[in-house]
Each structure stands twice: as structure tokens, then as C-alpha cells.
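Following: one structure in C-alpha cells, then a few remarks.
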Amino acid sequence: MGANRSMGCDVGRRRFLAGALALGGAVLAPRFARGVGAPSQVALAQLAYSGGNWQPRPTALRRLAWEVHKRTAVDTALEPPQVKADLRSLAPHPLVYVSGDRPFSELEPAATDALGRYVRLGGTLIIDPAYTADGDDKGFSASVDALLARALPGIAGAPIQPRHVLFRAFYELPRALGRVAGSPGFSGYEVGGRLAVIRGDHDLGGAWARDNLGNWEFEVTPGGERQRETAFRLGINLVMFTLCRDYKNEEPHRRFGGDAADPAR
């Protein structure tokens, strides 16, 4: 039952977004009517932008997509697409991953407006800084602050504590962990009562990244491989929470029984 519902909740999310976009702009309706008529693969899209480093962990989403595909009933595209901040590019994707390790250029007003509309109409942004040796993570954070202030005026971030349903959306996790420990939880931005932007400080992509020979690209500290596994489980939770929030208060949908409850196992 959980397997079927995992796929079904994705279709529902994309139909919802398509319908909202049709209401928000009729010019988009025919395109989305074709795209959501039947179940299809879920693509974990990444936002491409100018003037910074939008893909500091190039293999990260591919590895996460594979783990989601392997461990859940969600059929993920194994080559995540790159999208720009325009509504036609963003709208097919219920989740868009935003990463970077340095400041980036201010988006054009039309792009900023499109990103804000995408979020207000049902899309979710996952913001994940990368901590690199030659980067400027504080600069990236400042650029994100400025972008969200323009795209979602009057909406501020609030803490997402580990007791939030996000931490049991598929696996039961006691806290957030990535390549680095970071904060126990996230910062979240609610739009219309919905958690629409999830922002961390864990360098999740650094924990997920793996080269074509199967080697992990970065060490995970302080917890090593046990922490890397938690980072993957957290990534899967982020995907499942985004796709399946309509039954978020039910029992977690997990494949591995008691193993899921212990992120260190």
C-alpha cells in the first residue's frame, strides 16, 4: 500500500501544481495538461543561475535520485535536469534544489517574480549551501536572503525543529546531518500555511556526491559513513515530504522496517 501511495502522491502534487498554474496563467495550461495526464518519472531539478557557482556538487542530485529510486516506490529520473528561473522551466517540477558556495548575481525582476510565483502556486525550494575550500558560504547565504526577500516579500524563515513531520516523512530521524553536522533542524518559509522553502546549513550535496568510479568525493565529519547514510535518509525525507505532504500526518512510508528508525545503523 505504501509503495502505491508514494507514486500516487507525486502525481497528485504535479496535477495540483499544473492546475494552479493554469489558474495563474492560461497560456501555460495546454503544456501542463499534456505533462501530467499519466504517472511519469519525478525529476529532482536544480536551479541554474548566473554570477556564482550554482552546481558546486555536480554528482550530488544524481546520487540522491538513484537512492530515492532504489529505496522508495518513486520512479525518479536518474539525470536531474537543470532549470532556469522562469515559470515554464520550473513548473513541471514539484521540487527544485538550489545550491552554491559563493555570492551570485541578482536575478532579473522577471526571473525573481517567476520564482516567487512558482513557490506560491505549489512548488518547493530546497536550499543547500556547499562549504568549499575556495568558496564564500556567507556570501551565498546573503544572496539567498536577498533573493527570498524579493521573491517572497514579507515572509521570513522560522526554525524547523527535528520534531517536525519532515523528520519522519519516510525515515525517522533525530536531527539533520549532511557533510557537516550543521544545525539540528532547518529554516522554513511558509506560504499559505504550506512549508514551501526548506533551507539548511549541512552541505547535503557534499555527503551525496560520488564519482563515476563509485568513490565518495568528500569526507563526512564528524560522523563518517554513518553520518553519510543519515544525509541520504534526510534527502529522501525531503523528497517524500515534498511529494506526499497531503498525508503527512500518517505513519512514515518506509521500506526497511525497524532499520529506518535508526539513522546510525
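In the range 188-201, the qualifying residues are those that are more than 13 Å from the chain's Cα centre (by Cα) and not β-branched (V, I, T), and the one that is farthest from P162 (Cα to Cα) is G192.
For the range 120-136, the criterion of being of a type in the set (K, R) and either surrounded by fewer than 19 Cβ atoms within 10 Å (Cβ to Cβ) or in contact with a strand residue (DSSP E or B) (Cβ under 7 Å, 6 or more places away or on another chain) (or both) is satisfied by at least one residue. Quick check, is G51 more than 14 Å from the chain's Cα centre (by Cα), free of Cβ contacts under 8 Å to residues at least 60 places away in the same chain and buried (at least 18 other Cβ atoms within 10 Å of the Cβ)? It is false that G51 is more than 14 Å from the chain's Cα centre (by Cα), free of Cβ contacts under 8 Å to residues at least 60 places away in the same chain and buried (at least 18 other Cβ atoms within 10 Å of the Cβ). Checked against the criterion of being open to solvent by less than 20 Å² (accessible area, probe 1.4 Å) and over 20 Å from L64 (Cβ atoms), the candidates L95, L115 yield just one match: L115. Filtering the range 200-217 to residues that are among the hydrophobic types (A, V, I, L, M, F, W, C) and within 15 Å of Q55 (Cβ to Cβ) leaves L204, W208, A209. In the range 157-213, counting only strands (runs of 3 or more DSSP E) that sit wholly within it, the ones holding 3 or more residues that are open to solvent by less than 50 Å² (accessible area, probe 1.4 Å) and of a type outside the set (A, V, I, L, M, F, W, C) span 186-191.
The values are calculated or read from the model by the stated rules, or taken from the named source; none is laboratory data. Note that the coordinates shown come from a computational prediction; the quantities given were computed from them, not determined experimentally. All Cβ positions, glycine included, derive from the backbone under ideal geometry; neighbour counts span all protein chains shown. For the accessible areas, the whole protein counts, side chains as well, though only heavy atoms, and no ligand, DNA or RNA atoms are used. Shrake-Rupley method; radii C 1.70, N 1.55, O 1.52, S 1.80 Å.
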